Amino acid sequence: MGWLDKLVGKSEMIKDLDHVAIVVSDMDRAIEFYTQILELKLILDGRLNGGEKKSFVGTKSKAIIALSENKNRSLQKGEYAGGVNHVAFGVDDIEKSRQVLKDKGIEFIEIKMGDDGKAKAYHFLDPDGLELEICSNTGEEVPQY
């Protein structure tokens, strides 16, 4: 059927990323960080259910991060915390978002510049050492920074 795929095109099975599930050492601290610092909405507060304490945060229309608590999780800083290099969040205005985070005490560990000499991405750490990124839309399939 390779000839048919070439003729009509192959549809993509995966359309987008639904959410990222991360393990945190302190659910209260994680929820505070993701809702107060990153201004995500608490969609489901799993602390009320006990057990794994899975909570979800996201935008006004979609959960994008699932938080699971493991109080025995060892802290790792930056590079490949738990095997993940980083999680990137798209923002409309990169400099406005940078300033909001800076005003809330966030320290940036890396700034990625575009070919135009302007910042395209800022990297920082969450309370458990997971590297996060805010980035502007480059209009490219793969970021050019």
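Val84 passes every criterion in (1) touching a Leu at 6+ places or on another chain (Cβ under 8 Å); (2) modelled with pLDDT under 85; (3) assigned by TED's automatic domain parsing to the domain that holds Asp26 apart from (3).
Residue count for segment 88-145 satisfying the condition of being out of contact with any strand residue (DSSP E or B) (no Cβ under 7 Å at 6 or more places or on another chain), under 28 Å from Arg73 (Cβ atoms) and in a loop (DSSP other than H, G, I, E, B): 3.
Filtered by the rule that a residue be among the charged types (D, E, K, R), modelled with pLDDT of 95 or more and part of a helix (DSSP H, G or I), segment 30-56 gives a lone residue, Glu32. Scanning segment 48-61 for residues that are surrounded by fewer than 17 Cβ atoms within 10 Å (Cβ to Cβ) and within 25 Å of Gln99 (Cα to Cα) returns Thr59, Lys60, Ser61. Taking the stated definitions as given, is Met27 aliphatic (A, V, I, L, M) and at pLDDT 90 or above? Answer is yes for this residue. When the residues of segment 12-29 are filtered to those that are assigned to a strand (DSSP E or B) and among the β-branched types (Val, Ile, Thr), the one that is surrounded by the most Cβ atoms within 10 Å (Cβ to Cβ) is Val24.
Residues of segment 117-142 that are over 22 Å from Leu67 (Cα atoms) and among the acidic types (Asp, Glu): Glu140, Glu141.
Are any of the residues in segment 31-47 among the β-branched types (Val, Ile, Thr), in contact (Cβ under 8 Å) with a residue 40 or more places away in the chain, surrounded by fewer than 19 Cβ atoms within 10 Å (Cβ to Cβ) and over 22 Å from Asp103 (Cα atoms)? No - not one qualifying residue is present in segment 31-47. Answer yes or no as to whether Asp115 is farther than 21 Å from Gly129 by Cα, modelled with pLDDT under 95 and assigned by TED's automatic domain parsing to the domain that holds Gly139. In short, yes.
Within segment 117-142, the set of residues being surrounded by fewer than 16 Cβ atoms within 10 Å (Cβ to Cβ) and more than 13 Å from Ile22 (Cβ to Cβ) comprises Gly117, Lys118, Asn137, Thr138, Gly139, Glu140, Glu141, Val142. Counting just the residues of segment 57-81 that are under 15 Å from the mean Cα position of the chain (by Cα) and of a type in the set (A, V, I, L, M), which one comes out modelled with the lowest pLDDT? Checking each candidate, the answer is Ala81.
The values are calculated or read from the model by the stated rules, or taken from the named source; none is laboratory data. None of the values given here were measured: they were computed from a predicted structure. Virtual Cβ from ideal backbone geometry, glycine too; neighbours counted across all protein chains shown.
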